[in-house]
Amino acid sequence: MNGMRPLIEELREVGIQVPSMCYAESYEHHPSCMVCMVKDVKTGQMIPSCSTKPYEGMQIETDTDEVKDLRRLSLELLLSDHRADCEAPCTMVCLRGIDVAGVIRLYDMGKMDEARKLLHNVLCDDCKAPCEKACRRVTVDEGVKIREILKEVAFSSKGDVPTSSQAPEQWKETGGEVLFNSRLGRFTDREKQRMKEIYTQPSRCLHCACDGKADCKLRSLSTKAGIKVTRYGVQSSLPIKEEIPVTGRLVYEPAKCIRCGLCVYNTQDGFTFERRGFDMRVVIPEESKKHVSEQIARLCPTGALTLKIEH
């Protein structure tokens with residue numbers, strides 16, 4: 001084994017896929033997430049493989065119930081710091097498999113033809129609209145009129161008129177892997193007021209779905225760990241959907257941050273830690289934004305740093 005590389009890379013080289021959140025190969029990091037834990041058989045200790053150098057004769061356990069339980073616990077603790085919806089509730093409850101949140105986002109961007117394609121010629125006339133009941137805007141003031149928007153989108157061009165009230169066969173549940181879905185939790189009164197002031201676009205939708213969900217390590221690892229509901233719930237008190245423009249299209253959402261530190265250690269005079277202990281958080285001073293590149297979003301494991309979809 002090459003002692004210059006961390007244990008996690010040696011294990012991966014021989015086909016043992018150890019998960020990680022706060023580690024990225026060839027980038028500076030410090031162990032914090034504990035998701036990459038393995039057991040040193042000789043010492044009996046659990047060790048972070050991302051910062052441990054292998055030694056001759058080392059014996060490691062990577063797939064025992066003990067190791068898996070510790071990794072799962074680490075993920076659940078990280079999830080308690082992560083306040084976000086992976087998927088929008090409206091999409092989650094749609095009986096016809098429509099990407100409701102996607103349609104509404106495109107509708108607000110004025111991209112009616114693209115929004116119409118997402119409907120797949122499906123009508124909602126006889127639907128009881130569980131999407132409107134699940135809409136998070138209901139908890140703020142009045143829910144989004146989703147059916148009206150979908151109907152407007154469906155008949156927005158002179159093309160083929162939607163004729164089906166059923167989802168296409170390929171859209172139906174296939175019995176495949178069900179992805180973990182993080183939840184925002186309840187809004188405070190102050191947050192509700194902020195939602196009213198910010199989300200005034202045509203649909204009034206809060207656009208709950210996370211822009212970074214496709215590449216979110218926290219979601220994929222939680223899914224693999226079989227986590228359905230975390231034992232700790234969401235403990236974070238950071239304001240939800242607070243989107244801080246950094247540079248170009250790069251946006252930072254503190255409520256999604258798990259404080260892994262990758263953006264701190266890999267930007268020079270950019271992101272930094274503020275406070276200590278349980279109150280520690282990652283911040284970006286206004287004067288430091290000019291030192292940050294959009295490329296740092298590639299290192300973020302949770303969608304706290306994303307490239308905003310251009311309107």
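The values are calculated or read from the model by the stated rules, or taken from the named source; none is laboratory data. Every value quoted in this text rests on a predicted model; they were computed, and no experiment measured them. Note: ideal-geometry Cβ built from the backbone for every residue, glycine included; neighbour counts use all protein chains shown. Side chains are part of the model used for accessible areas, which takes the heavy atoms of the whole protein and leaves out ligands, DNA and RNA. Shrake-Rupley method; radii C 1.70, N 1.55, O 1.52, S 1.80 Å.
Near the amide H of Y252, within less than 5 Å, lie the amide hydrogens of I244, V246, all on another chain or at least 5 residues away, with H placed in the peptide plane. Take the Cα of T139, go 7 Å toward its beta carbon, and the backbone nitrogen atoms of region 235-266 under 17 Å from that spot belong to 235-242, 255-256. Here the peptides 120-133, 91-104 are ranked by packing, the mean other Cβ count within 10 Å, and the order with the highest first is 91-104, 120-133.
Given R₀ = 35 Å, what would the calculated FRET efficiency be for E148 paired with K192, taking r from the Cβ atoms and rounding to 0.05? It would help to have the intermediate numbers written out before the result.
On the way: r = 23 Å, r/R0 = 0.66.
The value I calculate is 0.90.
For the peptides 281-294, 70-83, residues were scored by their other Cβ atoms within 10 Å and the scores averaged per peptide; the highest-first order is 70-83, 281-294. Annotation: per residue accessible area for the chain equals 54 Å², rounded to a whole number [probe 1.4 Å, protein chains only].
Between K224 and Y265, the simple spin-label model (points 7 angstrom out along Cα→Cβ) gives 2.0 nm.
Roughly how many percent of the accessible protein surface of the chain is carbon and sulfur, given a 1.4 Å probe and a whole-percent answer?
Numbers: 8400 of 16910 Å².
That share works out to 50 percent.
What the phi angles of region 56-62 give under the Karplus curve with 6.51, -1.76 and 1.60, with θ = phi - 60°, is a coupling list of 4, x, 5, 10, 10, 10, 10 Hz, glycine and proline written as x. Of the trypsin sites (Lys or Arg not before Pro) in region 7-55, the ones in a loop by DSSP (not H, G, I, E or B) with at most 16 other beta carbons within 10 Å are K42.
Pairs of Cα atoms under 8 Å, at least six residues apart: use those to get the relative contact order of the chain, whole percent. If you can, show how the numbers build up before the last one.
Details: 517 pairs, mean separation 60.2, N = 311.
After rounding, I find 19 percent.
The overall shape of region 26-114 is prolate: from the C-alpha gyration tensor, with semi-axes ordered a ≥ b ≥ c, the ratio a/c is 1.5 or greater and a/b exceeds b/c. For region 132-141, backbone phi angles converted through the Karplus equation (6.51, -1.76, 1.60; θ = phi - 60°) give residue-by-residue couplings of 6, 6, 7, 4, 5, 5, 4, 6, 9, 8 Hz, Gly and Pro being listed as x.
Using the beta-carbon distance between D69 and M4 and R0 = 22 Å, what value does 1/(1 + (r/R0)^6) give for FRET efficiency, to the nearest 0.05? Please list the in-between numbers first.
Working: r = 31 Å, r/R0 = 1.42.
My answer for the efficiency is 0.10.
What is the gain in length, in nm to one decimal, between E243 and R276 on full extension, counting 0.36 nm per residue of separation less the C-alpha to C-alpha distance? Don't skip to the answer; put the middle values down first.
On the way: separation 33, 0.36 × 33 = 11.88 nm, distance 2.29 nm.
Stretched fully, the E243-R276 segment lengthens by 9.6 nm.
Of all chymotrypsin sites (Phe, Trp or Tyr not before Pro) in region 225-295, which ones are in loop regions per DSSP and have a Cβ with at most 14 other Cβ atoms within 10 Å? Walk me through the intermediate numbers first.
Details: sites: Y232, Y252, Y265, F271, F273, F278; in loops: Y232, F271.
Qualifying residues, ordered by number: Y232.
Taking every Cα-Cα distance in region 12-66 and sorting them into 10 Å bins from zero, the calculated P(r) comes out as 22, 57, 21, 0 percent. Annotation for region 219-280: trypsin sites (Lys or Arg not before Pro) lying in DSSP loop with at most 10 further Cβ atoms inside 10 Å of their Cβ are K228, R275, R276.
Would you mind checking the tilt of helix 65-79 against the longest principal axis of the Cα atoms of the chain, expressed as 0 to 90 degrees and rounded to 10? Tilt relative to the chain: about 50 degrees.
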